[in-house]
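Below you'll find the structure, written out as structure tokens, and then a few comments.
Each value in this text was obtained by applying a stated rule to the coordinates, not by laboratory testing. Because the structure is predicted, anything quoted here is derived from the model rather than measured. When we count neighbours, we look across all protein chains shown, and the Cβ atoms used for this are built from the backbone with ideal geometry, even at glycine.
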Amino acid sequence: MGNTEIVMQGGDHAFLLLHGLYGNPQEMKYVGRKLNRAGYTVHIPYIRGCGVNDSRRDTWRSRWEDWYGQVETHFDKLKREHERVSVAGLCCGANLALALAINRSRDIDSLCLYATTLFYDGWNITRLRYLRALAYYTPLRYLMYFHETPPYGLKDERIREWIGEQMRKGGSTSAGASKSSLMGVYQTERMMRYLRANLHRITTPTLVMHARQDDTSSLRSAELVATSVASPILRKVILENSYHIITMDNDKDVVVDETLRFAASV
């Protein structure tokens with residue numbers, strides 16, 4: 001699975017879809033394809049520095065502000081070419097969508113957040129990860145990696161088995177990398193702190209979707225967004241048959257249907 005962006009031409013309303021930490025555009029392809037069939041233009045960029053195929057040097061040097069700069073560039077290009085632009089993201093992509101809305105709420109038509117991660121407190125977060133802060137401010141942050149473990153954010157056993165086989169071979173997958181650099185996790189935590197302090201600045205119509213059994217981030221993140229943003233239109237949907245990667249899991253069609261319904265309603 002590479003770093004090739006996905007572009008699907010459609011109508012005057014465009015969707016910018018953002019992948020997760022050490023993920024790739026494939027995470028968002030199913031949702032993007034369905035949105036495109038409904039008439040939307042879809043752009044799923046590869047975000048350098050937090051993508052699955054970035055080199056160790058790229059990871060060390062990259063800050064979350066660099067990721068955000070790429071997102072804003074893609075958004076501005078879509079704004080120049082389309083009458084309306086909505087933004088959706090998964091996990092770290094949802095966080096980047098929030099960061100964009102903090103600064104550009106009036107420019108965004110609708111905001112769709114999938115598995116927003118403002119706290120690493122899901123049921124599959126190991127005790128070792130809770131000790132990550134001890135390494136953030138030492139040279140260990142350049143050396144440490146977290147290896148992904150089952151269920152890989154997926155409740156669907158068939159897809160989980162397929163992803164697991166790819167990860168055991170050490171390669172990249174549709175669900176992201178087989179291991180995550182501590183530097184990337186550190187940058188996401190920096191971004192989380194910024195978001196938690198600034199959610200009140202968001203006025204874009206907002207759809208929050210989160211799995212009750214999310215293995216990476218509990219419902220606490222979704223609740224914080226829902227109670228903190230100043231959006232006059234807000235809808236929260238809790239999914240009952242998925243884990244973290246809701247754009248690929250059992251509830252992916254619910255994600256699509258809710259996104260289409262929300263975008264049309266605003």
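Charged side chains reduced to their Cβ positions (Lys and Arg at +1, Asp and Glu at -1) give the stretch 207-246 a dipole of some 140 debye around its Cα centre. By its C-alpha gyration tensor, with a ≥ b ≥ c as the square roots of the eigenvalues, how is the stretch 179-266 shaped: rounded for a/c under 1.5, else prolate for a/b larger than b/c, else oblate? Note, shape of the stretch 179-266 comes out oblate. At full extension, R158 and E65 could sit 29.9 nm farther apart than now, given 0.36 nm per residue minus the alpha carbon distance. In terms of packing, defined here as the mean over residues of other Cβ atoms within 10 angstrom, the peptides 232-243, 15-26 line up highest first as 15-26, 232-243. Counting charges near T117 (Lys, Arg +1; Asp, Glu -1) among other residues having Cβ under 12 Å from its Cβ returns a value of -2.
Under 5 Å from the amide H of E5 lie the amide H atoms of Y46, each residue being 5 or more positions distant or on a separate chain, with H modelled from the backbone and absent for Pro and chain starts. Taking amide H positions as modeled 1.01 Å from N, with prolines and chain starts lacking one, the residues under 5 Å from F15 and 5 or more places away or on another chain are T41, V42, H43, S86.
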